[in-house]
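The values are calculated or read from the model by the stated rules, or taken from the named source; none is laboratory data. Model, not experiment: these values are computed from the prediction. Note that we place each Cβ from the backbone using ideal geometry, even for glycine, and neighbour counts take in every protein chain shown.
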Amino acid sequence: MEDRNEHRPVLLDEVLEALNIQPEGFYFDGTFGRGGHAGAILERLGSEARLLAMDKDLEAISFAEKNFAHDERFEIRQGSFAMMAEWLKDAGLTGKMDGVFFDLGVSSPQLDNADRGFSFMKEGPLDMRMDTGRGQSATEWLADADEQVISDVIRDFGEERFHRRIAAAIVSKRLSEKLQTTLQLAGLIEKVVPGREKGKHPATRTFQAIRIFMNRELDDLQKGLAQAVDALKIGGRLAVISFHSLEDRRVKRFIRDKAEGKRLPLDLPVQYEKTNAELKIVGKAIRPGADEVKKNTRSRSATLRVAEKIKS
């Protein structure tokens with residue numbers, strides 16, 4: 001097997017503890033990547049357990065088929081975790097999962113491969129698709145999208161305050177030259193964004209925004225979270241790692257709303273267990289320690305949130 005520890009998974013020990021691994025349990029990993037978390041989960045599972053995994057990335061699927069195919073407890077499908085409910089229904093596992101895990105955003109192998117177009121630090125085609133077999137590339141979208149739409153995407157998904165200026169520059173540039181590479185776009189943004197945030201490239205927010213938009217990441221997240229609650233059995237755990245505020249706010253709000261249930265009058269004599277809360281929050285948000293950040297700087301923005309299902 002290839003060394004899946006070449007890139008140590010973010011918050012690995014914390015995720016394993018959060019999922020409260022049961023040796024004969026059923027688990028779902030919605031973001032397989034290169035199998036770092038999945039492999040560690042399998043090491044703790046017995047012969048009757050199962051780990052189902054998904055990933056949009058065809059390279060991740062290929063890696064899994066090459067390195068995990070020997071394990072009869074493991075199965076993977078290509079696609080978004082927003083398609084989880086259909087798979088579990090077909091397998092008769094709805095409401096029977098002991099744990100569901102999502103590791104959001106882009107993986108280290110995707111960032112390190114310049115051909116994928118996710119990194120503004122390396123020259124490569126401006127693609128940005130998780131699933132390269134479907135949909136438009138970023139180059140194709142930027143060539144035709146309305147300036148206002150581009151501006152809105154950069155504002156809404158990147159929280160970039162110079163979104164209008166960047167969108168105008170993109171539209172102006174494409175009149176004379178098609179934006180085809182990552183460094184073309186990054187260089188353009190660097191020229192029009194005044195100043196520089198400490199420790200952050202001017203293109204960071206725009207690349208994030210386009211990637212999220214192109215891959216429907218926030219839509220998939222909302223669907224995936226809802227399906228995860230239905231997938232879990234009572235006592236099952238949901239664990240989600242996010243890497244930026246847009247993701248984390250949605251995860252935090254979803255878990256909070258499911259933990260609060262229906263808001264009842266304060267003076268109503270009803271016990272917590274009698275409300276319609278479906279989840280309970282497990283601990284506080286978990287972030288990597290200084291040692292992990294030192295070894296893997298990409299972990300510095302990670303946040304892990306955990307909840308347990310208490311009611312169907």
Subset tally (residues that are under 17 Å from residue 126 (Cα atoms), crowded, with 21+ Cβ neighbours inside 10 Å and either touching a residue at least 60 places away in the same chain (Cβ under 8 Å) or out of contact with any helix residue (DSSP H, G or I) (no Cβ under 9 Å at 6 or more places or on another chain) (or both)) for segment 157-188: 3
Filtered residue count, segment 185-202, keeping only those that are in a loop (DSSP other than H, G, I, E, B) and of a type in the set (A, V, I, L, M): 1
Qualifying positions in segment 100-140 - of a type in the set (Ser, Thr, Tyr) and touching a Leu at 6+ places or on another chain (Cβ under 9 Å): 119, 132, 137, 139
The one condition in (1) β-branched (Val, Ile, Thr); (2) surrounded by fewer than 20 Cβ atoms within 10 Å (Cβ to Cβ); (3) assigned to a loop (DSSP other than H, G, I, E, B) that residue 106 fails to fulfil: (2)
Any hit, segment 113-128, residues being assigned to a helix (DSSP H, G or I), in contact (Cβ under 8 Å) with a residue 24 or more places away in the chain and not assigned by TED's automatic domain parsing to the domain that holds residue 181: yes
Among (1) charged (D, E, K, R); (2) surrounded by 19 or more Cβ atoms within 10 Å (Cβ to Cβ); (3) free of Cβ contacts under 8 Å to residues at least 24 places away in the same chain - the single one residue 43 does not satisfy: (2)
Selection within segment 171-209 - more than 13 Å from residue 119 (Cα to Cα) and small (Gly, Ala, Ser): 172, 176, 195, 199
